[in-house]
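A.B. asks: The structure that follows is given in the form of structure tokens.
Just so you know, all these numbers are worked out from the coordinates, no wet-lab data involved. This is a predicted model, so every value here is computed, not measured. Note that we place each Cβ from the backbone using ideal geometry, even for glycine, and neighbour counts take in every protein chain shown.
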Ligand SMILES: [Zn+2]
């Protein structure tokens, strides 16, 4: 999906060059970050500022077009964290070990599907944290 350069820059600046999900800075990643649709086009989301987020490719590819998942109950879907309406610190906490801990069901759903705590991500976060780069 084509996003005009001016809009891309607005999204990147608003995110302060960090993935809006796992919070890694773009300058410490070897991969190019994505401008992603919080509510995917498939679910009626628009390519507008309020529905766009800056995301590392790992979070974006894990999220895909999903918007929710199931936790304990398979009858009540739990939506993902939405960087436009939610506050990161209310849903997640980062430990010195590099682990991101959910504070809410929205946090749990997001961590599960975006795979924040993949062993490689934990190691990377640990290194960045210990170097004050996170
Ligand atoms: Zn990320």
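A.B. asks: Which value at 222 nm does the chain reach when only helices count, each DSSP H run of 4 or more adding -39,500 (n - 2.57), with the total divided by all residues and rounded to the nearest 500 deg cm²/dmol?
C.D. replies: Mean residue ellipticity at 222 nm (helix-derived): -9000 deg cm²/dmol.
A.B. asks: Moving on. Once you've got the GNM for the chain with C-alpha springs shorter than 10 Å, pick whichever of 89, 55, 40 has the biggest mean-square fluctuation.
C.D. replies: Top of the fluctuation ranking is 89.
A.B. asks: By how many nm would the segment from residue 85 to residue 14 grow when fully extended, if each residue of separation counts as 0.36 nm and the alpha-carbon distance is taken off?
C.D. replies: In short, 24.2 nm is gained.
A.B. asks: Given a 10 angstrom Cα cut-off, can you work out which residue in 86, 26, 115 is the most mobile in a GNM of the chain?
C.D. replies: The residue with the greatest mean-square fluctuation here is 86.
A.B. asks: Between region 18-65 and region 82-128, what's the alpha-carbon centroid distance in Å?
C.D. replies: 15
A.B. asks: Something else now. Starting from the Cα coordinates of the chain, work out the convex hull volume and express it per residue in Å³.
C.D. replies: 108
A.B. asks: Could I ask something else about it? So, by mean Cβ neighbours within 10 angstrom, what's the order for 100-106, 64-70 with the highest one leading?
C.D. replies: For the peptides 100-106, 64-70, the packing ranking is 100-106, 64-70.
A.B. asks: Here is a follow-up. Mind checking which of 72, 36, 48 has the largest fluctuation in a GNM of the chain, springs on alpha carbons under 10 Å?
C.D. replies: Evaluated over the chain, the most mobile residue of the options is 72.
A.B. asks: Defining a contact as two alpha carbons under 8 Å apart and six or more residues distant in sequence, what relative contact order in percent does the chain show?
C.D. replies: Contact order relative to length: 19 percent.
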